[in-house]
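For reference, the structure is listed below as structure tokens.
The values are calculated or read from the model by the stated rules, or taken from the named source; none is laboratory data. Bear in mind that the values here come from a model prediction, so they are computed numbers and not experimental data. Reconstructed Cβ throughout: ideal geometry from the backbone, glycine too, with neighbour counts over all protein chains shown. Just so you know, the surface numbers come from the protein's heavy atoms only, side chains and all, with ligands and any DNA or RNA stripped out. Shrake-Rupley method; radii C 1.70, N 1.55, O 1.52, S 1.80 Å.
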Amino acid sequence: PVTHTPWQQKYVQVNYEVVPEGAIVPTTLSSLKDTVDSGEKIRIATGFRNISDVAFDSVKVVMTVTDETNQSKVVFDQLRRPISVGDSIVVDYLLDTKDLKGASTVFVNFNPEFAQPEQYLFNNFQTTSLSVTPDKTPPNLDVTFDGVRILNKDIVSAKPFIVISLKDDSKFLALIDTSLFAIKL
């Protein structure tokens, strides 16, 4: 081995399969308010463009929301249409914040965990911080007998006209569910 001439390579051939590459499109990112009231719906629109010379097969998109207790919930999980070379897709989602409170994070991920072969994943996701202010004012329940508010042990007529009304100041948490009430006489 000491006196031999080393092997000289004359030809190298590399066979490979080209995979697509996509990236979040910054110009289509939604402009979110960083603080919203509980129950307010916010629109999240995020674009993803094929920046390679190879078409994407259908692209998986997952959106999760992580609340202040670090509990994650998948709110959007879809397989979107194929993306041809230079084409884009936009995910437009209306997120309801009624079940969120405090500091939360919205995470949108295109092609998670190489659901389809791709060159890189570092440019496939967007993380947005969101603060949800809880509704601290309880609803107001008002009961009148023949148009008069009564106190305990007040006398009322034998057949009163009773009106029960409920009012809430929250613009986003409407009290439209009648099953929330149980009336017993």
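Report, by residue number, each residue of segment 62-72 that is assigned to a strand (DSSP E or B) and open to solvent by 60 Å² or more (accessible area, probe 1.4 Å).
Residues of segment 62-72 assigned to a strand (DSSP E or B): 62-66, 72.
Once the filter is applied, which keeps residues that are assigned to a strand (DSSP E or B) and open to solvent by 60 Å² or more (accessible area, probe 1.4 Å), segment 62-72 yields only Ser72.
Being open to solvent by 40 Å² or more (accessible area, probe 1.4 Å) and not acidic (Asp, Glu) is the filter; apply it to segment 41-53 and report the residue that is farthest from Phe114 (Cα to Cα).
Lys41
Out of (1) charged (D, E, K, R); (2) in contact (Cβ under 8 Å) with a residue 24 or more places away in the chain; (3) open to solvent by 90 Å² or more (accessible area, probe 1.4 Å), what's the single condition that is false for Lys10?
Lys10 satisfies all of (1) charged (D, E, K, R); (2) in contact (Cβ under 8 Å) with a residue 24 or more places away in the chain; (3) open to solvent by 90 Å² or more (accessible area, probe 1.4 Å) except (2).
Considering Asp92, Asp96, which residue is in contact with a Gly (Cβ under 9 Å, 6 or more places away or on another chain) and either open to solvent by 20 Å² or more (accessible area, probe 1.4 Å) or of a type in the set (A, V, I, L, M) (or both)?
Numbers: Asp92 fails: in contact with a Gly (Cβ under 9 Å, 6 or more places away or on another chain).
Checking each option against the conditions leaves just Asp96.
Kindly indicate which of Val25, Val59, Val36, Val75 is closer than 19 Å to Leu130 by Cβ, open to solvent by less than 70 Å² (accessible area, probe 1.4 Å), among the β-branched types (Val, Ile, Thr) and in contact (Cβ under 8 Å) with a residue 24 or more places away in the chain. Write out each step before concluding.
Details: Val25 fails: closer than 19 Å to Leu130 by Cβ; Val59 fails: closer than 19 Å to Leu130 by Cβ; Val75 fails: in contact (Cβ under 8 Å) with a residue 24 or more places away in the chain.
Only one candidate qualifies: Val36.
Restricting the search to segment 82-101, which residues are closer than 15 Å to Ser72 by Cβ and in a strand (DSSP E or B)?
Answer for segment 82-101, where residues must be closer than 15 Å to Ser72 by Cβ and in a strand (DSSP E or B): just Leu95.
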